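Please treat every number below as a calculation from the coordinates, not as lab data. This one's a predicted model, so the numbers in the text were calculated from it and none came from an experiment. Glycine gets a Cβ as well: all are built from the backbone with ideal geometry, and neighbour counts include every protein chain shown.
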Amino acid sequence: MWRLLAVILLFCTGALAQFDPTRQWFTLRTEHFDIHYHAGLERVASEAAIYAENAYQLLQADFEPPPGRISIVLSDVGDTLNGFANPANNVVGIFTGQFRSSDLFNPRLSSWWETVIFHEIVHMFDLSQVRGPLKDRTRIFGQLPSQNAVKPFPFVEGTVLYFKHKKLGESRLNDATTRMVLRQMVLSARFPTLDEIRQAYSKSTWPYLGFLVYNYSAWLVQYLEVRFGEDAYRRFTDANAAMLATKDFNEPFLKAFGLSLDQIYTDFVRWLPSQFQDEIARIRAQGLTPVQKLSNLGFFSEGATDSANGIVYAHASPLRSGLRLIVNERERELLNGPAQYPQWSPDGRYLLFTTSSTTSPYFVGSDLYRYDRLEDRVKRLTNGERVYYARYAPDGQSIFMARNTPDGSTELARYFLELERTQPLRSFPNQDGVVHSFAVAPDGGSLILSLLRRGGFQDLYRYTLQTGALTPLTQDKNVDSDPVFSPDGQYVIYSSDVNRVYNLYAYRLADGAVFQVTNLLTGAYRPTLSHSKQQIIFTGYDETGYNLYQTPYNPSAWKRVELKWEPLPPFEPAEAAKGQRYDPLRYLRPLYWLPLADVSVDGFGLNAFLGVSFGASDPVGIHAYSVGAGFDSNFRGIFYNAAYQFAGFGFPITLQAAGSGSDNAQGIGTSFWSPQGSLGLQYLRRDVLEPALDPNQNTVTHVFSVRLSGLNSTASDLFRFRSSLSAVGTAFVREGSPDWRYSARGALGFQFRLPLEASHLIGLRVGGGFTTSPLAFDAFDLGSLPLVVGSAPVLAVRGYGPGQLRGSQALVGSLEYRPPPWSIERGLGNWPVFFDDLSLSVFVDAGVAGSPLDLEQVRFALGAELRLGLTLFYLAPGSSIALGGAQGIGEPGPRFYLNLVLPGL
């Protein structure tokens, strides 16, 4: 009977809506799109509608249009840059934040809206393509994701960047950062293998997976059309979209081009160096700038600031994250966590930085913090002000800040430390002037802004505080970033990607002359001056990622360059949309149905069921439902499961009814989220046959439960500590009986990562529970099963079989050691399965169960487990197969088990 309760609890612990359902939402309808937006985004919605329809028209030449109308949801979800596409539900999500977008994206298109909307609509077209006998699948299954959606990463994300470049002229394919990384690959003659780029997996070496599957893979897709003609991708799609998802992925390439994917990739790696040889030769011919390397951790090591106390920079990698301090060539972590853009105060006592955190299920907020070197503590300076970049005034008494606004615009403000007050300075409405970064003049009277204007112009501007005047210093399609004043205040030193190569440049304020400061084969970013004023410290690049470098500050060695002044395109803000009130109910028609099939083994034997399911959710996520039904062999009858969730109050309320055979249950539940964990509440009415109570008729039981979960982690450099808590308490009463019964179970886990470069993990877990139910079915059974589908039970002692450790009370513990895993990172040919890491763990389990407990009956087991991480169908990491064995102390022989975990189970 607890199976029904588990099914309902599973639905109630689902994720909340992607967007804040408590906002006031509206819909603007165009020929092919429903643009959903919340109050405050009226002008954004009008502009999004134009770009969406333009993208639709451009893509029809290469793809068949996706079925049905596409919903685009525009939302301010905080200080993050992103979007997503869900072809299965015809939904695109666009986040309004676009601050410092040039750090991640090519900013040269007309606006962020054109960039991100085109990106996601390419996904909607590409991933919905169907060919061959499956073309009429809508008559049977409805609007399921197509076979073309199941393919390696390069042909999902790389495709989008290639088509953006092909149709619009700009994307990450041809930006300076991508070219820099590819140049380094050519210089070192080291290219990723096909296995490294086609799957989602836990990659721990540079280049990071995101670059490979987006930027690098775009060049692979481009190569198809360079070699096989402009219709090459369409030919590939025609072949792939007519084949099953479980195929060897060489097949669509053999059909389209007569060559396998392996052969094409080998030829691509031979072709790629030729695209950069002339560029490398041109850079070398100009003479390379001598530099000294200051850091060695690679990955993302950037944003240095120097004082008498040492150099501080921000670092992020799979091993560590935080602010790091370099003193006399020795390095240590200063602060742990995702801090960015540090700056020492003029007196060297305080360190300023920004960091972001999830403040609600629907919002990520960034704020300003200050580290006190003398007191060794951090103080939060702003709360909810969405500060993403800040710099001290020369006197150290105030701080200039760049802040995000809900519609994606930015504004300048000034924070006064003594008053703890913020003064607004200037806003840049309608995203025409998105502040990337800035420098404060030595006299404190002006700022030099790196400002992204409409049309893809990120240039330098002088903003005068007294008059509010904004004067352009540069105006061209080069991406100018991160300015800093020279020691004498005569120059502004900044990074720019002139000729698509990032280097440092200097703008002379007296006459507007521009000088090239560095000439490097890779790149130079984020300059700052050393404390001695004799060196320029900057972020450079090598084959390990980004590191800190320095070069002498020597204006006499700089080379003067002439930059062409280009006119800004005219820009008129779009008229505010006049949409209709959002009606979520019109989107709740089910788009598809799916077959259900499962075979499992539990304590009561083999169980199999077969059925069908369907469901839907409105684009914003206010309403959602799912329905499933079929035959269940365990109960020898029909099973059903219907659930509805409402999130309009800001937290989900779930109604669910489930049944199998003669057993039925109905429930209502809700959950509450916080950054530290979640709390779930539920009522369940259970109507099941309980022979121990009444063999002739069903027993009605009312069940009230509370579920608590929490997660906490701390870190110091390579050391990691993580703790987790989960608990479920239940009170239930049988109808007609005055006696309440109770049940509770919980577990507390601790995991330690030792402070070593290689990953050594030690885990400790304790758990237990009790029940006052008189039914044997409700007792705790700590015996392990030979086959488990899904996560292994927490309350188990491996090495003992079902029924050996059983009772109404239970207590368990486990101690585990896991040495560094073996990194396999290989596919099974070109089939849709990928082997990630193979790990070994050795463990000691202990447990006792009884009615009541007798601690003298504690049993122990020793064992080991091999776990193989899997990625299935290219885009679904998180699966694993675990094969283990354990010897119960005093038992005649070891017991073996197999555990299969699939995403979502």
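Where nothing but the Cβ of Lys and Arg (+1) and of Asp and Glu (-1) is charged, how large is the charge dipole of the stretch 662-778 around its Cα centre, in debye to the nearest 20? Show your work: numbers first, answer last.
Numbers: 10 positive and 9 negative charges, 86 e Å.
Rounded to the nearest 20 debye, it is 420 debye.
Kindly state, to the nearest 0.05, the FRET efficiency for Glu31 paired with Arg421, given R0 = 51 Å and r defined as their beta-carbon distance. Could the numbers behind the result be given before it?
Working: r = 49 Å, r/R0 = 0.97.
Between Glu31 and Arg421 the formula returns 0.55.
Let's see if you can work this out: charge +1 on each Lys and Arg Cβ, -1 on each Asp and Glu Cβ, no other charges. What is the dipole magnitude of the stretch 23-128 about its Cα centre, in debye to the nearest 20?
Rounded to the nearest 20 debye, it is 220 debye.
Please identify the chymotrypsin sites (Phe, Trp or Tyr not before Pro) of the stretch 621-722 that satisfy two criteria: DSSP loop assignment and at most 13 other Cβ atoms within 10 Å. Which are they?
Details: sites: Tyr625, Phe631, Phe635, Phe639, Tyr640, Tyr644, Phe646, Phe649, Phe672, Trp673, Tyr683, Phe704, Phe719, Phe721; in loops: Phe635, Phe649.
Those that pass, being in a loop and sparsely packed, are Phe649.
With the dipole of the chain worked out from charges on the C-beta (+1 for Lys and Arg, -1 for Asp and Glu) around the Cα centre, which of Gly298, Gly132, Ser705 lies farthest toward the positive end?
Gly298
Once you mark the GluC sites (Glu not before Pro) that are in a DSSP loop and have at most 14 other Cβ atoms within 10 Å, what is the longest gap between them in the chain?
On the way: sites that count: Glu31, Glu230, Glu329, Glu375, Glu418, Glu420, Glu543, Glu562, Glu575, Glu735, Glu757.
Counting at most 14 other Cβ atoms within 10 Å as exposed, the longest clean stretch of the chain is 32-229.
Could you work out the longest stretch of the chain that avoids the trypsin sites (Lys or Arg not before Pro) located in DSSP loops with at most 14 other Cβ atoms within 10 Å?
On the way: sites that count: Arg69, Arg190, Lys533, Lys564, Lys578, Arg636.
The segment 191-532 is the longest one with no such site.
In deg cm²/dmol and to the nearest 500, what is the mean residue ellipticity at 222 nm of the chain if only DSSP H runs of at least 4 residues count, each as -39500 (n - 2.57), divided by the residue total?
Details: 11 runs with 122 residues, N = 905.
Helix-only estimate at 222 nm: -4000 deg cm²/dmol.
Find which of Gln656, Ser617, Val73 sits farthest along the positive direction of the dipole of the chain, computed with +1 on the beta-carbon of Lys and Arg, -1 on that of Asp and Glu, about the Cα centre.
Val73
At a 10 Å Cβ-Cβ cut-off, how would you order Asp632, Asp267, fewest neighbours first? Let's see the in-between values first.
Working: Asp632 21, Asp267 13.
Ordered by Cβ neighbours within 10 Å, fewest first: Asp267, Asp632.
Could you size up the charge dipole of the chain around its Cα centre, putting +1 on the beta carbon of Lys and Arg and -1 on that of Asp and Glu, and report it in debye to the nearest 20?
On the way: 79 positive and 85 negative charges, 75 e Å.
It comes to approximately 360 debye.
Which net charge results for the neighbourhood of Leu840, defined as the other residues with beta-carbon distances under 14 angstrom from its beta-carbon, given Lys and Arg at +1 and Asp and Glu at -1? Let's see the in-between values first.
On the way: positive: Arg818, Arg867; negative: Glu816, Asp837, Glu865.
Surrounding charge for Leu840 is -1.
For Rg and Dmax of the Cα atoms in Å, several values are listed as (1) 35.4, 132; (2) 28.4, 95; (3) 30.1, 99; flag the one computed from this structure.
Recomputing Rg and Dmax of the Cα atoms in Å here gives the entry labelled (3).
On a 24 Å Cα-Cα criterion, which of the cross-link pairs Lys164/Lys564; Lys166/Lys564; Lys166/Lys477; Lys151/Lys477; Lys203/Lys379; Lys477/Lys559 come out too long? Show your work: numbers first, answer last.
Numbers: Lys164/Lys564 26 Å; Lys166/Lys564 26 Å; Lys166/Lys477 19 Å; Lys151/Lys477 36 Å; Lys203/Lys379 35 Å; Lys477/Lys559 20 Å.
From the list (Lys164/Lys564; Lys166/Lys564; Lys166/Lys477; Lys151/Lys477; Lys203/Lys379; Lys477/Lys559), the Cα-Cα distance tops 24 Å for Lys164/Lys564; Lys166/Lys564; Lys151/Lys477; Lys203/Lys379.
Considering only Ala314, Val156, Ser357, whose Cα is most displaced toward the positive end of the charge dipole of the chain, charges sitting on Cβ of Lys, Arg (+1) and Asp, Glu (-1)?
Looking along the dipole axis, the top candidate is Ala314.
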